[in-house]
Amino acid sequence: MKVSSVIRKFTVLLALSTLALTVMNCSKKDGDDATPEAQIVGSWKITNLFVKEGNDPEEDQFPFLVALVPCFKDIVITFNSNGTVTGSIPAACQDDVDGVVGDIQQSKYEVKGDQLIFTETDGTKSTINVSFSGKTMSWNESETSGGVTTTSRIVFTKQ
């Protein structure tokens, strides 16, 4: 498996998601019966990065990523109720993330069913499959190259 490809995909997803700075708390309890639009509001930390290549078993690459860049475990993404995304990038990660992330503090988001749609300041839209279970959110993406399908699943835990 190409680790650099996994890291690149992970950082691109981070760039699309905008990294979080403030913690938003809803007065409503975020249960499984809440709508995805309501469930996403709040602050999230990445807890797993599962990758499955072809018929290989799914592997959690997050510990490897944290071993390379320890501060990734401290990145927080906040989805605000007004449709904006903010982020908290630890100072130790600034050099590793800023070159890839760019001007992410201006991104907007919307949830439509099982789709999370990000709109960048230039109007570019990116869509990610999203699902919720209790206090976890998963982003799912598949890509086929050379006849091999690679599936990535990033799991976030609500703070």
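What follows is calculated from the coordinates using simple rules that are stated; it is not laboratory data. It should be emphasised that the depicted structure is a prediction, and the values quoted were computed from it without experimental measurement. Every residue, glycine among them, receives a Cβ derived from its backbone with ideal geometry; neighbour counts consider all protein chains shown.
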Assuming 0.36 nm per residue, please report the length gained on full extension of the stretch Thr149 to Asp95 beyond their Cα-Cα distance. 16.3 nm
In whole Å, what are the extents of region 58-159 along the principal axes defined by its C-alpha atoms, from largest to smallest? 38, 35, 32
Mind sorting Val76, Val148 by how few other Cβ atoms lie within 10 Å of their own Cβ, fewest first? Val148, Val76
16 Å cut-off, amide nitrogen to a point 7 angstrom out along Asn55 Cα→Cβ, residues in region 115-158: 147-150
Can you sort Thr119, Thr124 by how many other beta carbons sit within 10 Å, fewest first? Thr124, Thr119
Label Thr47 and Glu110 with points 7 Å out from Cα along Cα→Cβ: what is the distance between them in nm? 3.0
Please order Leu65, Leu49 by the number of other Cβ within 10 Å, starting at the fewest. Leu65, Leu49
